[in-house]
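The values are calculated or read from the model by the stated rules, or taken from the named source; none is laboratory data. Since this is a predicted model, take the numbers as computed values, not measurements. Here the Cβ positions follow ideal geometry from the backbone for every residue, glycine too, while neighbour counts run over all protein chains shown. Surface accessibility is based on the protein's heavy atoms, side chains included, excluding ligands, DNA and RNA. Shrake-Rupley method; radii C 1.70, N 1.55, O 1.52, S 1.80 Å.
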Amino acid sequence: MIGLASGLKVFLCTQPADMRRSFDGLSGMAVSIIEQDPTSGHLFVFRNRNRDRLKILYWDRDGLAIWYKRLEKGTFQFPTDLIDKEKRQPRAEITSEQLTLLLGGIDLRSVERRKRYRRPSNPR
């Protein structure tokens, strides 16, 4: 398991990705579909059509890196999977905690987050 900082932004590409894509192909999807800079330090999560393979693209200090996982049994379920395809956005943002649950096979719809204090963002 990879360690994730709690303030890290995680973007899901809700459209299936060809898992033959590598750095340039996934970077292009991050720019064109997710509309974010792949060198921003955020995580970009891509899943194949069968939902049993997942790639995470991220900037690692001096270059792009890819983390790749193939499930032997089961599928990855994005929180957007139950939304009608016509209404579904091409991208979604989740927290690093939600990504950890998603990678562990937890259905994010069944998770209830308890109220916690959140520091207000600085309006500068």
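Using 0.36 nm per residue and subtracting the Cα-Cα separation, the extra length available between ARG21 and ASP60 on full extension is 12.2 nm.
Taking a sphere under 15 Å around the Cβ of ASP37 and counting the other residues whose Cβ falls inside, with K and R at +1 and D and E at -1, yields a net charge of -2. In the assembled protein chains, MET29 presents an accessible area of approximately 10 Å² (probe radius 1.4 Å). Computed about its Cα centre, the charge dipole of the chain is approximately 420 debye, with only Lys, Arg, Asp and Glu carrying charge at their Cβ. Here's the list of lysines a cross-link from LYS115 could span, going by alpha-carbon distance under 22 Å and ignoring same-chain residues fewer than 8 apart: LYS9. For ARG21, the shell of other residues with beta-carbons less than 14 Å away shows a net charge of +3, using +1 for Lys and Arg and -1 for Asp and Glu. Across all C-alpha atoms in the stretch 55-111, the radius of gyration and Dmax reach 13.4, 39 Å. Modelled spin-label separation between SER96 and ASP81, with each label point placed 7 Å from Cα along the Cα-to-Cβ direction: 2.5 nm.
Between beta-carbons, use under 14 Å as the cut-off and find the net charge around LYS9, counting Lys and Arg +1, Asp and Glu -1. Charge balance near LYS9 sits at -3.
Mean residue ellipticity at 222 nm, helices only, the chain: -4000 deg cm²/dmol; runs of at least 4 DSSP H residues each add -39,500 (n - 2.57), and the sum is divided by the number of residues. One equal scatterer on each Cα of the chain, no solvent, Debye formula: the resulting log10 I(q)/I(0) at q = 0.13, 0.17 Å⁻¹ is -0.54, -0.92. Within the straight-line cut-off of under 20 Å between alpha carbons, the aspartates and glutamates reachable from LYS73 are ASP18, ASP52, ASP81, ASP107, sequence neighbours fewer than 8 places apart in one chain being disregarded.
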